[in-house]
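Some notes on the structure that comes next.
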Amino acid sequence: MSKIKVVLFMGGDSGEYEVSMASSKQIKNHLDPEKYKVYPVLIRGGNWLYTNESGEQIPFDRNTHSLMIGGEHVKFDCAFIAIHGTPGEDGKLQGYLDIAGIPYTTCDVTTSALTFNKYFCNDLAKQYGVKVAATIIIRQGETWNADLLVKEVGLPCFIKPNKAGSSVGVSKVYDIAGFEIAINKAFAEDDEVLVQQFIKGREMACGVFTNKGEVEVFPVTEVVSKNDFFDYQAKYTEGLASEITPAPITKEQSSECRQLTEYMYRKFNCKGVVRFDYFLTDNEWWFLEVNTVPGFSSESIIPKQAKAAGYELKQFFGALVDEAMRENTPNL
Ligand SMILES: Nc1ncnc2c1ncn2[C@@H]1O[C@H](COP(=O)(O)OP(=O)(O)O)[C@@H](O)[C@H]1O
Ligand SMILES: [Mg+2]
């Protein structure tokens, strides 16, 4: 049987470039070479480049959706998207792949675009009966007044880009004097900024994926950061945060979280592996955000949850490709 040809998209131009490189390395290392032939393609600065074993760079041809290798067009059976943030997590790459007719491992265009927009996603989660923090959006060019914002969300509060990830541009703000710097920092990442109520609770994450058509929810993970919150440094510096899987919570709490995760996965029409993040306050679950291209590096939560659920990474990453090919074939 010929091998399944997988194009592995990595890189991107967002603040999550490094994370994407670590994720893709782990995916490449664990996709079974007996079954899959993986072609990593770096999307960066407008270029889409595949580097072959001898270091030669070959551009990915976006017209024919293929790579010209040894005088032949290599076409792909599946795309594995390992780009966090734009263009891999916000629907843009998904749109291209739909047109190209290549199935992919993530949510579709609509779900990716909607969930990557924290403001829209929050509003919809609220509509679905889930608890979310009070949030105000400021769009580029709009004026804002810190006193009025504080009246709505209280202090401390969180100020962050609406469409970004890995805590890039996120600040916890304790007083009105801190607003300007925090808002400017968030605007450096995105053209929309959120001012959000601080949720005081224990931070939790719960992954979920579809395996052979069945939705499977992973165990819950508790995130304990040594920093003031789970910022970029705490996320990617050894020893600054511990991620405890399964989370030290009661059986009932764990089952509530996992049920909520499955409920939202279905409501948002998710595909592939997705990680929902929450805060657990006095026995209440508050939804923080959803990551439709969660981290896959060896430090990341999803690989740890997959292992805790009894999967070998080879099996897990393979299942994502197989499911995408089974389920996600676009009908153009
Ligand atoms: N409203 C909030 N209340 C408490 N902590 C928050 C809040 N918003 C963000 N945080 C903290 O900041 C981190 C990053 O925020 P998040 O909204 O998840 O953005 P990102 O997409 O960059 O991960 C969270 O993991 C959490 O530690
Ligand atoms: Mg987050």
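The values are calculated or read from the model by the stated rules, or taken from the named source; none is laboratory data. As the structure is a computational prediction, the values presented were derived from the model and not from experiment. Positions of Cβ are backbone-derived with ideal geometry, glycine not excepted, and every protein chain shown enters the neighbour counts. These accessible areas exclude ligands, DNA and RNA; they are computed on the full protein's heavy atoms, side chains included. Shrake-Rupley method; radii C 1.70, N 1.55, O 1.52, S 1.80 Å.
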Review point. How much length is gained on full extension from Lys151 to Asp13, taking 0.36 nm per residue of separation minus their Cα-Cα distance?
Key: 46.1 nm
Practice item. Keeping the other protein chains in place, figure out the carbon and sulfur percent of the accessible area of the chain, with a 1.4 Å probe. Key: 49
Check your understanding: In terms of modelled amide H atoms, which long-range or inter-chain residues lie less than 5 Å from the amide H of Thr237?
Key -> none
Point to revise | Expected 222 nm ellipticity per residue - DSSP helices of 4 or more, -39500 (n - 2.57), all of the chain, to 500 | key: -9000 deg cm²/dmol
Review point. Counting other Cβ atoms within 10 Å of each Cβ, which GluC sites (Glu not before Pro) in the range 85-193 have at most 12 and sit in a DSSP loop?
Key: Glu142
**Study point:** Two-site label geometry, Glu312 and Glu180: point separation in nm, points 7 Å out along Cα→Cβ
**Key:** 5.9
Revision key, fill the gap. If one builds a Gaussian network model of the chain from Cα atoms under 10 Å apart, the most fluctuating residue listed among Cys78, Cys107, Cys157 is Cys157
Review point. Each label point is 7 Å from the Cα along the Cα-to-Cβ direction; what then is the distance between the points at Asp191 and Ile99, in nm?
Key: 1.9
Review point. Got a sec? Which residues in the range 188-227 would a label at Asn269 touch, if it sits 7 Å along Cα→Cβ and we count backbone N under 20 Å?
Key: 208-211, 213-216
Practice item. Calculate one ³J(HN,Hα) per residue across the range 219-227 by plugging θ = phi - 60° into the Karplus curve 6.51 cos²θ - 1.76 cosθ + 1.60, and present them in order as whole Hz with x for glycine and proline. Key: x, 7, 10, 9, 10, 10, 9, 7, 7
Check your understanding: How much accessible surface area, in Å² rounded to 10, belongs to the heavy atoms of Phe187 with a 1.4 Å probe?
Key -> 40
Exercise for review: Could you state the accessible area per residue of the chain in Å², with a 1.4 Å probe and every protein chain left in place?
Suggested key: 46
Revision key, fill the gap. Amide H neighbours of Val41 at under 5 Å, excluding residues fewer than 5 places away on the same chain, with H built from the backbone geometry, are Leu8, Phe9, Met10
Exercise for review: Work out from phi, with θ = phi - 60° and the Karplus expression 6.51 cos²θ - 1.76 cosθ + 1.60, the ³J(HN,Hα) of each residue of the range 138-150, listed in order in whole Hz, and give x for Gly and Pro.
Suggested key: 10, 9, 3, x, 7, 8, 9, 10, 4, 4, 5, 5, 5
